[in-house]
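The next block holds one structure in the form of structure tokens; read it before the comments.
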Amino acid sequence: MSEMGIKFTHFAEFAWSMMEPEEGEYHFEWLDRAVSLAEKYGLKVIMCTPTPTPPVWLSKKYPDILIQRDNGVTIQHGRRQHASWSSDRYRHYVENIVSRLAIHYGNNPTVIGWQIDNEPGHYGVVDYSENAQAKFRIWLQKKYGTIDKLNDTWGASFWSETYQNFEQVRLPNQQEVPDKANPHAMLDLNRFMADELAGFVNMQADILRRHIHKDQWITTNLIPVFNPVDPVRIDHTDFLTYTRYLVTGHNQGIGSQGFRMGIPEDLGFSNDQFRNRVGKTFGVMELQPGQVNWGVYNPQPLPGAVRMWVYHVFAGGGKFVCNYRFRQPLKGSEQYHYGMIMTDGVTLSPGGEEYVRITQEMKKLRAAYDKKSRMPKQLASRRIGLLFDMNNYWEMEFQRQTDQWRTMPHIHKYYNLLKSFAAPVDVISEKEDFSDYPFLIAPAYQLLDNNLVKRWTEYVKNGGHLILTCRTGQKDRDAKLWEAPLAAPIHQLAGINSLYYDHLPHNLYGKIDFEGKEFAWNNWGDVLTPAAGTDVWAVYTDQFYKGAASVIHHKLGKGTVTYIGTDTDDGKLEKEVVRRVYTEAGVSTEDLPYGVVKEWRDGFYIALNYTSDIQEIVIPDEAEVLIGSARLEPAGVVVWKEKSDNKYK
Ligand code: GAL
């Protein structure tokens, strides 16, 4: 590892049974040996808490620590992520092992930081154990105070769901109802699970903090946009990291070889989201080194793709990349999963060779690093905050209204078009200050309150450019429709007089006219009547509402609001509209093809090629090219510095 140029290694996230083979019997010698070997060769260690894998004696002695599926089956010992965050008993045992580990390694200078658990999230299984049921009732009681308040919020009188006391309430469960569960109960289930997960991570962070040296940091590794993970709720760690596998047969990528590279938003969106969470920095804890064993099918990554992904994290401001894994395992659950080292234990895999190359190249970048560099003015003028909230995701995924609605593809459509402008995007939550951004976009922001609308209004009046899209503001935070016209709270802000929505069958495309060009849609169409003083930018040109507005725009104070009511398959309409918002604000945009990524970080420009064709990157003549060249092969990387940036410092 050391010879390869690797700086740190990552230990023990599943090793509870080796640390505590019998209750109260602790063995750290084997781990001590590994840590001192790392130290001997100049490697730092990220130490992990082993809590995703309780030892068998614990599950056998206390089966009540296990999670239970919606069909009542208790998940047994034998894999991972099978213990319930809602079990006090489990938390007690977690507290014990984490404290012991922290006391043991909390002052070891080779250990630079801690990872809590591993991908907390139960891999998609919702926990219906009695512990979870009981904790849900406590959570509800705390939230609502009285059962009448819960009944009222859930609309429980509809179909006589009305409860008499909290004891009667259960987690909404598809197996326990003949049709769809109550939507408000579902939203509360998701919020509760996200709180349980966050509470579990925050609890471990607090335990570690009590014992470890202040120079050791604390993080966890999350699967991005994955139920019930809500990164906004995890705030006791120093920062967050994520894990991502791009080549798993789940998508075709871009062009004939795209399936060997993945899609750029998989890393880009996560970079831009995790960089803006607790600690305002991030790392990536797992990227694949080659073929994995668990995909739909498992292609070989394109030569160069492993390196390109690392550069993508670098470009997004990531502080480190940890690769999963070092050696390919010969036995156990991840046979066939590539490592940096092949099955013989000594030969570098192609991905391993790419890491060696990266560690060499990073030396060059480190030498050219200027910590005083500031984002060039032109880029700063394009900065945009993309407001994202898991509550909207939960609500809209449960009530899609049309089977063509997909929340993340809707949001990614906007993300990708902004990246094609080479706009720096920050994926932010309502905790952040909007005034930092010349542009702000809130795609399909379904749940809101008057306070958020007030913040948006102030933002615009002070000169911000706000972009809203379909479904925004239809409901309050409890997912209740307003006792007012649909989306009433945003009407004044967006210049809407009235609005309803339409969906089309899969094989029928409606038409829209924007600046004399025709666009096609069929997923979601908000049909708008503008208020006086609002400009109509695009109109529907067929269906019974022919002539009604699809996109409207108006000025408010020093800023503007644009409402894009239609969701199209190809996103072409959305792209042209957002470009016009930028152009009218006097801000330039680029026109990068989908799959060409261009980012700026700490004085470096980085361009990447996720497409299957050669791409020519425009690099000014006087620029200093540090890595690669302007002609980018598929999975190619080029890094340069622009002399003209100096004048903006
Ligand atoms: C991750 C997980 C790792 C390993 C890897 C295999 O999701 O965190 O422990 O299982 O997948 O690709």
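The values are calculated or read from the model by the stated rules, or taken from the named source; none is laboratory data. Keep in mind the model is a prediction, meaning the values are calculated, not measured. Backbone-built Cβ (ideal geometry, glycine too); neighbour counts: all protein chains shown. Just the protein is used for accessible areas: all its heavy atoms, side chains included, with ligands, DNA and RNA removed. Shrake-Rupley method; radii C 1.70, N 1.55, O 1.52, S 1.80 Å.
The table below gives the values:
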{"read-out": "Residues satisfying the stated conditions in region 259-274, i.e. more than 15 Å from ILE411 (Cα to Cα), in contact with a Leu (Cβ under 6 Å, 6 or more places away or on another chain) and open to solvent by 10 Å² or more (accessible area, probe 1.4 Å)", "value": "ARG260"}
{"read-out": "Checklist (1) within 16 Å of the ligand (Cβ to nearest atom); (2) open to solvent by less than 70 Å² (accessible area, probe 1.4 Å); (3) aromatic (Phe, Trp, Tyr) applied to TYR297, failing item", "value": "(2)"}
{"read-out": "Residue check, THR248 in contact with a Gly (Cβ under 7 Å, 6 or more places away or on another chain), open to solvent by less than 20 Å² (accessible area, probe 1.4 Å), within 13 Å of the ligand (Cβ to nearest atom) and outside any strand (DSSP E or B)", "value": "yes"}
{"read-out": "Residue check, PRO52 within 16 Å of the ligand (Cβ to nearest atom) and within 24 Å of TYR90 (Cα to Cα)", "value": "yes"}
{"read-out": "First in region 328-340 and away from the ligand (no atom under 11 Å from the Cβ), second anywhere and part of a loop (DSSP other than H, G, I, E, B) and among the hydrophobic types (A, V, I, L, M, F, W, C), Cβ under 6 Å, 6 or more apart", "value": "GLN328/MET342; MET340/PHE326"}
{"read-out": "LEU171, sole failed condition from (1) open to solvent by 30 Å² or more (accessible area, probe 1.4 Å); (2) over 22 Å from VAL284 (Cα atoms); (3) not in a helix (DSSP H, G or I)", "value": "(1)"}
{"read-out": "Pairs where the first residue, in region 364-375, is open to solvent by 90 Å² or more (accessible area, probe 1.4 Å) and the second is of a type in the set (Asp, Glu) and at pLDDT 95 or above, C-beta under 8 Å, 6+ apart", "value": "TYR369/ASP602; LYS371/ASP602"}
{"read-out": "Selection within region 251-274 - within 16 Å of the ligand (Cβ to nearest atom) and on the phi > 0 side of the Ramachandran plot", "value": "GLY262"}
{"read-out": "Pairs with Cβ under 6 Å, 6+ apart, first in region 293-313 and more than 17 Å from GLN252 (Cα to Cα) and part of a loop (DSSP other than H, G, I, E, B), second of a type outside the set (Gly, Ala, Ser) and open to solvent by 30 Å² or more (accessible area, probe 1.4 Å)", "value": "ASN293/GLU334; ASN293/TYR336"}
{"read-out": "Some residue of region 275-285 being surrounded by fewer than 23 Cβ atoms within 10 Å (Cβ to Cβ) and within 11 Å of the ligand (Cβ to nearest atom)", "value": "no"}
{"read-out": "Search result, residues across region 3-25 that are away from the ligand (no atom under 16 Å from the Cβ) and under 17 Å from VAL111 (Cβ atoms)", "value": "ILE6, LYS7, PHE8, MET19"}
{"read-out": "The one condition in (1) among the acidic types (Asp, Glu); (2) free of Cβ contacts under 8 Å to residues at least 60 places away in the same chain; (3) buried (at least 18 other Cβ atoms within 10 Å of the Cβ) that GLU196 fails to fulfil", "value": "(2)"}
{"read-out": "Residue tally, condition open to solvent by less than 10 Å² (accessible area, probe 1.4 Å) and not acidic (Asp, Glu), over region 573-595", "value": "6"}
{"read-out": "Residue count for region 157-203, restricted to those that are among the acidic types (Asp, Glu) and farther than 30 Å from GLN115 by Cα", "value": "4"}
{"read-out": "Qualifying positions in region 343-352 - buried (at least 17 other Cβ atoms within 10 Å of the Cβ) and away from the ligand (no atom under 16 Å from the Cβ)", "value": "PRO350"}
{"read-out": "Flag for ASP526 being open to solvent by less than 20 Å² (accessible area, probe 1.4 Å), assigned to a strand (DSSP E or B) and of a type in the set (Asp, Glu)", "value": "yes"}
{"read-out": "Residue match in region 35-53 (condition: open to solvent by less than 50 Å² (accessible area, probe 1.4 Å), closer than 28 Å to ILE138 by Cβ and assigned to a helix (DSSP H, G or I))", "value": "no"}
{"read-out": "Pairs with Cβ under 6 Å, 6+ apart, first in region 376-400 and in contact (Cβ under 8 Å) with a residue 60 or more places away in the chain, second charged (D, E, K, R) and surrounded by fewer than 24 Cβ atoms within 10 Å (Cβ to Cβ)", "value": "PRO376/ASP645; MET390/ASP230"}
{"read-out": "Per-region count, region 233-255, residues among the hydroxyl-bearing types (Ser, Thr, Tyr) and touching a strand residue (DSSP E or B) at 6+ places or on another chain (Cβ under 7 Å)", "value": "4"}
{"read-out": "Residues satisfying the stated conditions in region 534-563, i.e. of a type in the set (Gly, Ala, Ser) and either assigned to a strand (DSSP E or B) or touching a residue at least 40 places away in the same chain (Cβ under 8 Å) (or both)", "value": "ALA538, ALA549, SER550, GLY557, GLY559"}
{"read-out": "Region 306-321, subset within 15 Å of the ligand (Cβ to nearest atom) and buried (at least 21 other Cβ atoms within 10 Å of the Cβ), residue nearest to LEU365 (Cα to Cα)", "value": "TRP309"}
{"read-out": "Close pairs from region 46-70: first without any contact (Cβ under 8 Å) to a residue 24 or more places away in the chain, partner of a type in the set (Lys, Arg), Cβ under 9 Å, at least 6 apart", "value": "none"}
{"read-out": "Selection count where residues are open to solvent by 40 Å² or more (accessible area, probe 1.4 Å), closer than 24 Å to LYS44 by Cβ and either within 16 Å of the ligand (Cβ to nearest atom) or not in a loop (DSSP other than H, G, I, E, B) (or both), scope region 207-245", "value": "5"}
